[in-house]
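The values are calculated or read from the model by the stated rules, or taken from the named source; none is laboratory data. What you are looking at is a predicted structure, and each value in this text was computed from that prediction instead of being measured. Methodologically, a virtual Cβ is constructed for each residue, glycine included, from the backbone with ideal geometry; neighbour enumeration extends over all protein chains shown.
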Amino acid sequence: MQESSQETSEPNYTKEPSNKNSRTVIIALILLIIFVLILILFLYLIRKPALFGSFAQVENSGSTMTQPTVITPQSVSYDNSYLFASPLRAAVSVERVRITAYILDGQGMGVSGKQVTLGNAATSLHIYPITLATDDSGRATFDILSDQAGLFTIEASVDGKKLDQKVTVSFN
């Protein structure tokens, strides 16, 4: 028997880390470290009231607590109350215009429970009340319809006195 003098080369199964894989791992570690640093900075800034908190200080003088102020609606302010119309132009005998009256006091708060009356000298104007009295925000709502084309100025009154503001609508 003769031995063959063939050299058998065995495959090398050990792999050296490639440059691409090692770069990916290094980048991932750097990003993880940056993320952790940002998280630590964020948590530090949240807990530091001087940066994001209020600078107002409360003095505790030892006195008793004051009662909360309750604002109750005052009497109607005729110059502060107003009318709103939508749309400002509508088709004759087809479309209705929504008129909203806001009845306010001198502080701009709504006055509830007030009867609002809309008026106009034109007899072709039909007024349909949606709400009979103002709600908690001082709002009263009406729809109007006209049988004739023209420009109409609408006035509102509360307790027999007219509001200073008027609204003009057009029917074509």
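Points worth noting:
- Any hit, the range 105-119, residues being modelled with pLDDT under 90, out of contact with any Phe, Trp or Tyr (no Cβ under 9 Å at 6 or more places or on another chain) and not in a loop (DSSP other than H, G, I, E, B): yes
- Residue satisfying condition, being loosely packed, with under 13 Cβ neighbours inside 10 Å and in a strand (DSSP E or B), within set THR100, THR168: THR168
- Among residues of the range 125-155, those that are among the hydrophobic types (A, V, I, L, M, F, W, C), modelled with pLDDT of 90 or more and under 13 Å from TYR82 (Cβ atoms), counted: 1
- Within the range 82-95, tally of residues that are assigned to a loop (DSSP other than H, G, I, E, B), touching a strand residue (DSSP E or B) at 6+ places or on another chain (Cβ under 6 Å) and either surrounded by fewer than 13 Cβ atoms within 10 Å (Cβ to Cβ) or not assigned by TED's automatic domain parsing to the domain that holds LEU163 (or both): 1
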